[in-house]
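First comes the structure, then the notes that go with it.
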Amino acid sequence: MTRRERVTIDVDVRPRFTACYLRVTGGECAFIEAHTAHALPRLMAALTHAGRRPEDVRWVVVTHAHLDHAAGAAALLAACPRAALVAHPRTTKHLIAPEKLIASAVAVYGEQRFRDLYGTVGAVPNARVLALGDGESFELGGDTLKVWHTSGHAYHHFVVDDPAAETVYTGDAFGLVYPDLQAWGRFAIPSTSPTGFNAAEARRSIDKVLSLGERYVCPTHFGAYEDAEVIAAQLRRFIDRAERWVEQAARGGQTAAAAEPGLRDAWRLAVREEAPRFGEAEQAFLEFDVELNAQGLAYVAKQARAPA
Ligand SMILES: [Zn+2]
């Protein structure tokens, strides 16, 4: 029987916050998500722990171009000499020439914080890239993994269906499901971070993930879950709310910066409604995403208002 494994690798400074997955089938391996160059030692340690060598890595798959998923792709490819990158065509474009990605993140975070967060973002060599269209697939040790384009969180996003492991790797298209927030029952929240959120597409992405019918969903933030329907129902409620807030903010005619505090409060209140038993620790844990989600919705509201 073929030996088949899916390993969750905890790659962030903050524990149980950001995952990469290592998939092994027979003699071949794939990393799903690359995180940043900071994660490289942990990724290579996981490979060694699984009894595999860098030469066994055939694919580095990233679900989208956001830096906590893709910034380390070039470093990981450099460490795995036979691997190629698998990504959405719009993501491969960003990673072959990452200057734009870097510039927009530096504009948000400043030079020093950018380096602390994301390290060095190298360019992925053109010759080591496999850009996959909607419904296209790649092979791993005789298993077939298929990608489905899922915008809604970002226009350069896909999810990866892995039937042999009964798993779909959902990136940020099926919410954030942090282990530290599950003490009072399942809690999932969508990421509406700048600049690509689209409520209708986000709903379609959720339906797509469910339609694949796999036993496990593996969001990048964080780990494997078996109750996709429960997660989906909560995500839909949040997305419906977010859509209303965007409409209200767009009508309000404020600048993005002026709309943000109100949107932050809206997110906090919605979290309290969905998770009434959360204490201060859980609310504090979510502040990072509340901030990003408010920024993202303020941006969308501003775009909605912009004259055609
Ligand atoms: Zn993202």
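Confirm whether ALA249 is assigned to a helix (DSSP H, G or I), over 23 Å from ARG14 (Cβ atoms) and open to solvent by less than 60 Å² (accessible area, probe 1.4 Å). So ALA249 passes the test.
Here are some residues: ALA242, ALA259, ALA200, ALA233. Which one is in a helix (DSSP H, G or I) and over 28 Å from ILE32 (Cβ atoms)?
Numbers: ALA242 fails: over 28 Å from ILE32 (Cβ atoms); ALA200 fails: over 28 Å from ILE32 (Cβ atoms); ALA233 fails: over 28 Å from ILE32 (Cβ atoms).
Only one candidate passes the filter, namely ALA259.
Every condition in (1) within 16 Å of the ligand (Cβ to nearest atom); (2) open to solvent by less than 10 Å² (accessible area, probe 1.4 Å); (3) assigned to a loop (DSSP other than H, G, I, E, B) holds for PHE187 except the one numbered (1).
Of the residues making up the stretch 6-38, those that are in a loop (DSSP other than H, G, I, E, B), hydrophobic (A, V, I, L, M, F, W, C) and over 27 Å from PRO163 (Cβ atoms) are VAL13, PHE17.
Please state which one of GLU287, GLU247 is modelled with pLDDT of 95 or more and outside the structural domain of HIS153 (by TED's automatic domain parsing). Give the steps one after another, and end with the answer.
Details: GLU247 fails: modelled with pLDDT of 95 or more.
Of the residues listed, the single one that is modelled with pLDDT of 95 or more and outside the structural domain of HIS153 (by TED's automatic domain parsing) is GLU287.
Of ALA78, ALA45, all but one fail to be more than 16 Å from the ligand (Cβ to nearest atom), of a type outside the set (Ser, Thr, Tyr) and free of Cβ contacts under 8 Å to residues at least 40 places away in the same chain; the exception is ALA45. The set of residues in the stretch 269-306 being open to solvent by 70 Å² or more (accessible area, probe 1.4 Å) and among the charged types (D, E, K, R) consists of ARG272, GLU273, ARG277, GLU280, LYS302, ARG305. The helices (runs of 4 or more DSSP H) found entirely in the stretch 51-110 that carry 2 or more residues being open to solvent by less than 10 Å² (accessible area, probe 1.4 Å) are 67-70, 73-79, 89-96. Filtered by the rule that a residue be under 27 Å from ARG90 (Cα atoms) and polar (S, T, N, Q), the stretch 32-66 gives THR36, THR63.
Going by the structure shown, is ASP180 open to solvent by 10 Å² or more (accessible area, probe 1.4 Å), under 26 Å from ALA281 (Cβ atoms), away from the ligand (no atom under 15 Å from the Cβ) and acidic (Asp, Glu)? Before you say what the answer is, go through the steps one by one.
On the way: open to solvent by 10 Å² or more (accessible area, probe 1.4 Å): yes; under 26 Å from ALA281 (Cβ atoms): yes; away from the ligand (no atom under 15 Å from the Cβ): yes; acidic (Asp, Glu): yes.
Taking the combined requirement at face value, the residue satisfies it.
Total residues in the stretch 41-76 satisfying the condition of being under 20 Å from ARG113 (Cβ atoms) and more than 17 Å from the chain's Cα centre (by Cα): the figure is 1. If you go through the stretch 133-155 and keep only what is away from the ligand (no atom under 16 Å from the Cβ) and on the phi > 0 side of the Ramachandran plot, you end up with GLY135, GLY141, GLY142.
Evaluate the following for TYR169: is it under 22 Å from THR8 (Cβ atoms), of a type in the set (Ser, Thr, Tyr) and within 16 Å of the ligand (Cβ to nearest atom)? Before the answer, list the steps.
Working: under 22 Å from THR8 (Cβ atoms): yes; of a type in the set (Ser, Thr, Tyr): yes; within 16 Å of the ligand (Cβ to nearest atom): yes.
Here the answer is yes, as TYR169 does meet what is asked.
Just a yes or no: is a residue in the stretch 203-215 open to solvent by less than 20 Å² (accessible area, probe 1.4 Å), within 14 Å of the ligand (Cβ to nearest atom) and at pLDDT 95 or above? Scanning the stretch 203-215, I find at least one residue that is open to solvent by less than 20 Å² (accessible area, probe 1.4 Å), within 14 Å of the ligand (Cβ to nearest atom) and at pLDDT 95 or above, so the answer is yes.
Matching residues to (1) within 19 Å of the chain's Cα centre (by Cα); (2) in the same structural domain as THR192 (by TED's automatic domain parsing); (3) closer than 23 Å to ALA200 by Cβ:
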position	(1), (2), (3)
THR255	no, no, no
LEU263	no, no, yes
GLU280	no, no, no
GLY296	yes, no, yes
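So is ALA123 more than 16 Å from the ligand (Cβ to nearest atom), of a type in the set (A, V, I, L, M), surrounded by fewer than 21 Cβ atoms within 10 Å (Cβ to Cβ) and touching a residue at least 24 places away in the same chain (Cβ under 8 Å) or not? Judged against the criteria, ALA123 is a match. Figure legend. Inter-residue proximity from the stretch 158-184: first residues of a type in the set (Gly, Ala, Ser), second residues more than 16 Å from the ligand (Cβ to nearest atom) and open to solvent by 40 Å² or more (accessible area, probe 1.4 Å), beta-carbon distance below 6 Å, spacing 6+ or different chains. Indicated pairs: ALA165/ARG6.
The values are calculated or read from the model by the stated rules, or taken from the named source; none is laboratory data. Because the structure is a prediction, the values reported are computed rather than measured. Cβ atoms come from the backbone with ideal geometry, glycine included; neighbour counts cover every protein chain shown. Surface areas here come from the heavy atoms of the whole protein model, side chains and all, with no ligands, DNA or RNA. Shrake-Rupley method; radii C 1.70, N 1.55, O 1.52, S 1.80 Å.
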